[in-house]
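To start, the structure itself, in structure tokens.
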Amino acid sequence: MHRTALVWILLLLAFAGIADAWYLTASALSNTALSCDLGAALDGCNIVAKSPYSHFLGIPLALYGVGFYAVTFVLAALLLVLHDRFLTRALYVLSIAGALASLVFLAIQFVLIKALCVYCIGSAGISFLIFFVLQDLWRKTKSNVPSV
């Protein structure tokens, strides 16, 4: 896939991540219930949101997600105008951190909380997709470097 298309995909994914994480953040800050009546194993949103694992340093985890996706969005937007390897590398490293954090949060849901949140799983999916897109973009960036 062309570099510009990959960056646009990153922007769309980051925007979707912001929307998802903002909904979770707004619910946490206003202390309102999440809408997640799916009737299946994914209806544990409010159990996850009210668990002691839903905050870090007194801040809702979802707010960190908003920050992650917002930084990803801004850096991806800069990639549209700058063809900078450092910027691509920074985004790639950020995506690795996001994917690893998502794995930890999914493990906490499965193992410690024993409830699943569809919004959290959606955010993890977005984070993994961002990682895979950036992995492809990083490969393209590395292959376009002239040999010395």
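The values are calculated or read from the model by the stated rules, or taken from the named source; none is laboratory data. Note that this is a predicted model, so its numbers are computed, not measured. Every residue, glycine among them, receives a Cβ derived from its backbone with ideal geometry; neighbour counts consider all protein chains shown. Protein only, heavy atoms only, side chains kept; ligands, DNA and RNA dropped before computing areas. Shrake-Rupley method; radii C 1.70, N 1.55, O 1.52, S 1.80 Å.
Inter-label distance, residue 128 to residue 81: 3.5 nm, where each label sits 7 Å from its Cα along the C-beta direction. Per-residue accessible area (protein heavy atoms, 1.4 Å probe) orders 139, 89 as 139, 89, starting from the largest. For the chain, the solvent-accessible area of protein heavy atoms averages 56 Å² per residue (probe radius 1.4 Å; ligands and nucleic acids excluded).
Expressed as a whole percentage, what fraction of the accessible surface of the chain belongs to carbon and sulfur atoms when a 1.4 Å probe is rolled over the protein heavy atoms? Accessible surface attributable to carbon and sulfur in the chain totals 73 percent. Helix content alone sets the calculated 222 nm mean residue ellipticity of the chain: runs of n ≥ 4 DSSP H residues at -39500 (n - 2.57) each, divided across all residues, give -24000 deg cm²/dmol. Could you work out how far helix 118-143 tilts from the main Cα principal axis of the chain, as a 0 to 90 degree angle to the nearest 10? The two axes meet at around 10 degrees. Report the FRET efficiency, 1/(1 + (r/R0)^6), for residue 139 and residue 57, where r is their Cβ-Cβ distance and R0 is 41 Å, rounded to 0.05. Plugging the Cβ-Cβ distance into 1/(1 + (r/R0)^6) gives 0.70. Summary of the geometry: segment 12-79 and segment 81-148, compared by the centres of their Cα atoms, lie 16 Å apart.
The angle between the Cα long axis of helix 85-107 and the main principal axis of the chain comes to about 20°, on a 0 to 90 degree scale. Here are labelled values, (i) 30; (ii) 26; (iii) 40, and one is the computed percent of Cα pairs over 26 Å apart for what I pasted. Which one? Comparing each candidate, only (i) matches the computed number. A protection proxy built from the mean count of other Cβ atoms within 10 Å ranks the segments 53-60, 16-23, 120-127, 2-9, most packed first, as 120-127, 16-23, 2-9, 53-60. Return one number: the angle in degrees, 0 to 90 and rounded to the nearest 10, between the long axis of the Cα atoms of helix 61-81 and the longest principal axis of the Cα atoms of the chain. Tilt relative to the chain: about 20 degrees. Residue 104 contributes about 80 Å² of solvent-accessible surface, heavy atoms of the protein only, 1.4 Å probe.
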